[in-house]
Amino acid sequence: MLSSHSRVQVSRGHGSNKNDNPGIARMRRSSAGNDNFRMIDLNLFRVFDAIMEFRSVRKASQALSLTPSAVSHALSRLRESIGDELFSTSPSGMQPTERALELSSAVREGFEKVKLALGQQSSASVAVPRTLRIAATDYACVVLLPPLVKRLARSTPKLDLRVVSSNRVDAIWQLDEGQADLVIGSFSKLPANVCRKRLLCEDEVIMVRAAHPLTRGKVTREKLREFPHLTVPLREGSDNPPPVAELVPIESALREYQEGKVSPAGRATVSVSNFATIISFLQLSDMVAVVPRRLAFSAAAHCPLFLLEPPYPAVAVEIEVVWNRTSDEDLTIRWLLNELISSVSDF
């Protein structure tokens, strides 16, 4: 077995020294790098790319139609060839090292160039500067877009992404006018020139403050009617606008509450413009709100709110992404669509 002194001597013999010409030293390093590259099985980078995308050996194995042990073995070989751990195990999945992050964009771009050269419809390289636009409801902005943005920050940190507000009324206009490349929301009938893809199915849950009377005992329809409700109505012109007579504008409700004209447990229904506003109102009163389940989970994780199952069959809604059919030939938009779908797949 070589001693540490012996290893140092060998290292000096193959490296540059102070008498070396700098250009010769660089050529030596470049030659060594080329030799290492020629020795690496390029199939190992397919495994690397899959783990980078899914942050999971199991999910990478499923995507590659390999066994988890085969993926683990391939990763071990690549680690040895590159001389870096590349990924470390954590409770949230496989976390890439700095070296892995440096390699990821180049590996992905290399695969995309090969796919394009073969004439395949695939994810587009976003190396070319371009602004991509997603129109989304506030539900999508809170629940769906953060995982996507996190994913894009790792893979394409230079991407310029713009998020704009949207609803079912605006969606088609935003696509036709080029105001959005993708629109996320819940839709019914769509024109023939618009494509759609289901992202997930969302149901509803009741959300109240932590010490709300409804948290004590079984929730019934009768008990639920005893408390004022907060709602987020669809904008005028949508398929199912709420009955205006049942709603009290938020400014009027605030003024009456501050003046003592309405108690926190009054029966007036209050309409607010977005789900974020609901959180503040619930914490300060005995109001109740029926909200999408994943949105409620997100709110309860950061605020003292309590979630209750409704005393009736919960309404389920399909959350979809839509795009203009003319964008089917746009590889960059197709790439963004695939990234969105992949980011939602963990839900």
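Derivation of every value follows stated rules applied to the coordinates shown; laboratory data play no part. Given the structure is predicted, the values throughout are model-derived calculations rather than measurements. All Cβ positions, even for glycine, are placed from backbone atoms using ideal geometry, and neighbour counts span all protein chains on display.
Computed quantities for the displayed model
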read-out	value
Radius 12 Å from Cβ of GLU202, net charge of other residues (Lys, Arg +1; Asp, Glu -1)	-1
Vicinal HN-Hα couplings computed from phi for region 96-106 (Karplus, 6.51 cos²θ - 1.76 cosθ + 1.60; Hz; Gly/Pro x)	x, 7, 4, 5, 5, 5, 5, 7, 4, 5, 5
Check: region 187-226 dipole with +1 on Lys, Arg Cβ and -1 on Asp, Glu Cβ, in debye	60
Entries in LYS59/LYS197; LYS189/LYS223; LYS113/LYS158 that, when Cα-Cα distance is taken, lie over 25 Å	LYS189/LYS223
Ranked list, fewest to most other Cβ atoms within 10 Å of each Cβ, for HIS302, HIS229, HIS73	HIS302, HIS73, HIS229
Residue among ALA301, THR326, ALA314 farthest towards the positive dipole end of region 286-335, charges placed on Cβ	ALA301
Amide H contacts of THR137 (H built 1.01 Å from N, under 5 Å, at least 5 apart or other chain)	SER166, ILE184
Distant-in-sequence amide H partners of VAL205 (H built 1.01 Å from N, under 5 Å)	VAL291, ARG293
Note, ³J(HN,Hα) from phi for region 209-216, Karplus 6.51, -1.76, 1.60, rounded to Hz, x at Gly and Pro	5, 4, 9, 5, x, 5, 6, 9
Exposure proxy ranking, count of Cβ atoms within 10 Å, fewest first, for SER166, SER65	SER65, SER166
